[in-house]
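The values are calculated or read from the model by the stated rules, or taken from the named source; none is laboratory data. A quick note: this is a predicted structure, and the numbers were derived from the prediction, not measured. Here the Cβ positions follow ideal geometry from the backbone for every residue, glycine too, while neighbour counts run over all protein chains shown. Areas reflect the complete protein model, heavy atoms only, side chains present, ligands, DNA and RNA absent. Shrake-Rupley method; radii C 1.70, N 1.55, O 1.52, S 1.80 Å.
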Amino acid sequence: MINAAQDDPVEALKELTRGVGVDLALDCTGAAAARRAAVRCVKTWGTACYVGEGGDVTLDVSPDLLRRQVTLIGSWTFSAMGMQECAEFIASKRIPLERIFSDRWRLEQAAEAYRKFDTQTTGKGVFLL
């Protein structure tokens with residue numbers, strides 16, 4: 001696992017791919033640094049996707065996108081098929097999801113959770129049944 005607080009994620013991913021870059025990158029954080037990294041870590045002809053709202057990002061359009069033929073997709077949310085593919089990928093790669101959630105809520109705490117989410121100062125939250 002790559003910890004962006006300790007390592008440059010773009011460099012780490014390029015090292016893992018022998019300098020090529022990844023085929024696909026997905027950012028769901030809205031954080032400028034993560035959005036930039038998602039674009040910069042993909043290989044030539046790769047695709048980066050921003051899911052959800054919030055935050056700004058500044059890219060150097062020519063080297064980040066045009067010269068490498070990178071496709072950048074913006075999406076409000078996943079489609080049902082996209083969610084299934086993501087879930088299958090997570091399961092097959094045994095990605096430890098519990099590490100990405102900053103907040104855990106019970107369904108009866110939904111009002112409190114959404115008030116906190118609306119501040120856009122949190123990480124990722126999850127509702128537990």
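Matching residues to (1) at pLDDT 95 or above; (2) open to solvent by 40 Å² or more (accessible area, probe 1.4 Å):
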residue	(1), (2)
45	yes, yes
48	yes, no
54	no, no
64	yes, no
67	yes, yes
70	yes, no
73	no, yes
81	no, yes
88	no, yes
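Please indicate, with yes or no, whether at least one residue in segment 27-37 is part of a loop (DSSP other than H, G, I, E, B), without any contact (Cβ under 8 Å) to a residue 12 or more places away in the chain and not β-branched (Val, Ile, Thr). Give the steps one after another, and end with the answer.
Kept after step one, since they are part of a loop (DSSP other than H, G, I, E, B), are these residues of segment 27-37: 28-31.
Restricting the remaining residues to those that are without any contact (Cβ under 8 Å) to a residue 12 or more places away in the chain gives none.
No, every residue in segment 27-37 fails to be part of a loop (DSSP other than H, G, I, E, B), without any contact (Cβ under 8 Å) to a residue 12 or more places away in the chain and not β-branched (Val, Ile, Thr).
Look at (1) open to solvent by 60 Å² or more (accessible area, probe 1.4 Å); (2) more than 14 Å from residue 30 (Cα to Cα) and you find that residue 121 fails only one, number (2). Within segment 11-43, the set of residues being at pLDDT below 95, open to solvent by less than 50 Å² (accessible area, probe 1.4 Å) and touching a Lys or Arg at 6+ places or on another chain (Cβ under 8 Å) comprises 27, 28. Candidates in segment 1-21 are the residues that are among the small types (Gly, Ala, Ser) and in contact (Cβ under 8 Å) with a residue 12 or more places away in the chain; of these, the one that is farthest from residue 42 (Cα to Cα) is 4.
Among residues belonging to segment 40-54 that are of a type outside the set (Phe, Trp, Tyr) and assigned to a strand (DSSP E or B), point out the one that is farthest from residue 18 (Cα to Cα). The residue in question is 51. The set of residues in segment 90-99 that are closer than 25 Å to residue 39 by Cβ and open to solvent by 100 Å² or more (accessible area, probe 1.4 Å) comprises 93, 99. If only residues of segment 100-118 that are within 25 Å of residue 1 (Cβ to Cβ) and either of a type in the set (Asp, Glu) or open to solvent by 70 Å² or more (accessible area, probe 1.4 Å) (or both) are counted, the one that is farthest from the chain's Cα centre (by Cα) is 104.
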